[in-house]
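Heads up, the thing below is written out as structure tokens.
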Amino acid sequence: MSYSTDSIKNVSLAGHGGSGKTTLFERLLFAGNAITKCENVESGKTTSDHTPEEIDRKISIHTVLGHIDKNNKKINFFDTPGSSDFTGDVIISFRAAEFGLLLIDGRAGVQIETIKLWRNLNGREKPRGFFINKLDDDKASYDACIADIKEKFNCDAVAITIPLGKPCKGVIDVLNGRAYTAGGEGIEAETAIPGDYRAAFEAAREKLIEAAAEGDDTLMEKYIEQGSLSPEEMHTGLIEALAEHKFVPVFAGSALNNCGVGPLIDFIADVGPGPLAAKDTIKDADGTESKTPIDPEKPLAALVIKTTYDQFSGKLSWIKVIHGKLASDSEAVNVSENKKERIGKLYTCQGKKLEEVRELAAGDVGIITKSPTLKTNDTITAGDSSFTFLPLRLPEPVHSVAVNALAKKDEDKLGESLVRAAEEDKTFRYSFNGETKETVISGMGELQIGIILDKIKVNQKIELETHVPKVAYRETIQKKAGAEYTHKKQTGGHGQYGKVVLEIIPLPRGENYQFVNAIFGGAIPKNYIPGVEKGVVEGMAHGTMAHYPVVDVEVKITDGKYHPVDSSELSFKLAARNAFRESMKLASPTLLEPVMNLTVFVEEKYLGDVMSDLSGKRGKIHGQDAAGGIAEIHAEVPQAELLRYSIDLRSITSGTGSFNVDFAHYAPISGRIAEDVIKSREGFKVTETED
């Protein structure tokens, strides 16, 4: 069945780990007749958690797509991971969806990941709502969760469904004035609203009418004059108010018991925002960014939001269509690669099961298989190369390890596997550090990296070893100094001769390097000056303290001498390299270490322990914010102290804390710390050639 843009809805199910996203996803597909039987996470047979690592660990690792048909409307649901280690896949779903549904464990209330997800949705200006789950548990509280939502997010949280009983045995659909009893393994049964819940229903209904009135000035005037709205007016007002973020709908239920699922689907199908109310960001050829609406009338334009590899289907390119439509057996242009792209078969999916379709309309999400050129963030169009879609905004990795294959023969296989892993997950990166001679992989946490490496070990049949990566220190100088060096070599025939006099001066942090030619009177001919600078750059590659690169230095060549026969660019390069190193020894060299900006999110009860730990890590705490039991700490900490911080923070906060980190600046170190760094580099050898 083909769907037009106005009959498509895209919803991202997101939330803290363990809040019940996969269970709700399964129940939504079941209620929408997309699957014939509900499975539980423990069975390892759910539609979304289908990879061996997900089944084994009983957690979601990848975002999965499924869809249902409700009243001839296609609702795409994204089931996303809850662990911060896999936040990249959540962001993919936020980019593709027009509505974010945040699940809350009714026993725990708003948790740290929920707050971070809310902030991400804020940055994208996406409409969102809450599903308060697990209300079948005696320890759960719908009212406490509503209060928690209002306190932590300062939003107008409006109930769409309210629970029947405590523990919850059903829900009242406030919008449509119906009650439903929990369905267990079956579908919810509709019933009349119990008399003792009539007052609660009327109070919730009044708040919902107020929210609808906020959506339109005319409706607000009528509400003020008459005190009510018709069902049709409520429907119209809620659509507009939700699209403009004027209220946040809240749903009650228990996914495990099929409680509250039906009214949730009804609301999404009838009121939830669709693609026609959404926009995406494009970048013109000159770099200018602008918003473009999702438009079925424009020529084809689509974004590759995700790349995966399937054992049977091969490479899968997930596509969100923004303009026009994407048809099977057609041609397009991969603007990002400037290559023609032959579109073969198109698919949508239910978890890992692919379903062939003829076309995808603007706003829809589907899959192209076995494309040789497409990769995540690529833009494909009908031929227009004047713009590309803005790449996914992903967080920087926070955890790194050095890795190598135990057998040298397996190094190539390891490299190929890391390339593929980085293509599938854009928050995972790998590189070879020439300074430390290590292959370093980085990601969002120990769990993510561990799963990737375990998968490589099993699939490639190779043994790996990992260790804490070395820190890329730098060297600099603290005072002005100068030196001269004469390179002289006679080997028969033309010899080598070049004399260089250099002066080096400290620069402010972050200035890196400046070269100044202060030669007057032709002491060194101009054609040899490039050789002098090459020698300086080579000298800066390995400092005199611990062979780390030198930064933040101005180098001035003030004098020199040449020979009309024996001088050459090589002679002056070698002379400059040695003159620079002699100058370094006289300029009070010092070591620099990378310092990182660190933001830590923890429950307030762990605040003291976390701050004490940061102080012990030589951290400088710049401030903290606290609201609703969650603290946000801002600090600067040396990178050397953060190499295992994801493990340390998990230990301190019983696995509830999380953090973001990015580079701040380099700072001097001395004393015992500097001595240890120098000692660790004693075996480092510098290989240089006289080219």
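Annotations
- Once the Cβ-Cβ distance of GLU463 and ARG57 is raised to the sixth power relative to R0 = 22 Å, the FRET efficiency obtained is 0.50.
- In degrees, nearest ten, helix 87-96 long axis to first principal axis of the chain (Cα): 60 degrees
- Helix axis angle, 112-124 relative to the chain longest principal axis, alpha carbon, degrees: 90 degrees
- Distant-in-sequence amide H partners of TYR666 (H built 1.01 Å from N, under 5 Å): VAL595
- For the stretch 602-684, the mean projected area of the C-alpha convex hull, equal to one quarter of the hull surface, is 6.5 nm².
- Mean Cα-pair separation over length for the stretch 399-467, i.e. relative contact order, pairs under 8 Å, 6 or more apart, %: 46 percent
- Options (1) 200; (2) 148; (3) 161 - which one matches volume of the Cα convex hull per residue in Å³ as calculated here: (1)
- To the nearest ten degrees, helix 198-213 and the longest principal axis of the Cα atoms of the chain are 50 degrees apart.
- Equivalent ellipsoid semi-axes, the stretch 475-587, via Cα gyration tensor eigenvalues times 5, rooted, Å: 25, 14, 11
- Cut-off under 5 Å, modelled amide H: who pairs with PHE99 long-range: ASN10, SER12
- Taking Lys and Arg as +1 and Asp and Glu as -1, the other residues whose beta-carbon sits under 13 Å from that of GLU554 total -1.
- Excluding exposed DSSP-loop chymotrypsin sites (Phe, Trp or Tyr not before Pro) (at most 16 other C-beta within 10 Å), longest clean stretch of the chain: 1-311
- Within the stretch 172-226, the GluC sites (Glu not before Pro) that combine a DSSP coil assignment with at most 11 other C-beta atoms in a 10 angstrom radius are GLU185.
- Taking a ≥ b ≥ c as the square roots of the eigenvalues of the alpha-carbon gyration tensor, the stretch 279-389 is classed prolate because a/c is 1.5 or more and a/b outweighs b/c.
- Calculated [θ] (222 nm, deg cm²/dmol) that DSSP helices of n ≥ 4 give over the chain, each run adding -39,500 (n - 2.57): -8500 deg cm²/dmol
- Taking the stretch 279-389 and dividing mean pair separation by its residue count, relative contact order in percent (alpha carbons under 8 Å, at least six apart): 33 percent
- Under the Karplus curve 6.51 cos²θ - 1.76 cosθ + 1.60, θ = phi - 60°, whole-Hz ³J(HN,Hα) for the stretch 298-304, x wherever Gly or Pro sits: 7, x, 3, 8, 9, 10, 7
Computed from the coordinates by the stated procedures, all read-outs in this text should not be read as laboratory data. Remember, it's a predicted structure, so these values are computed and weren't measured experimentally. Cβ atoms come from the backbone with ideal geometry, glycine included; neighbour counts cover every protein chain shown.
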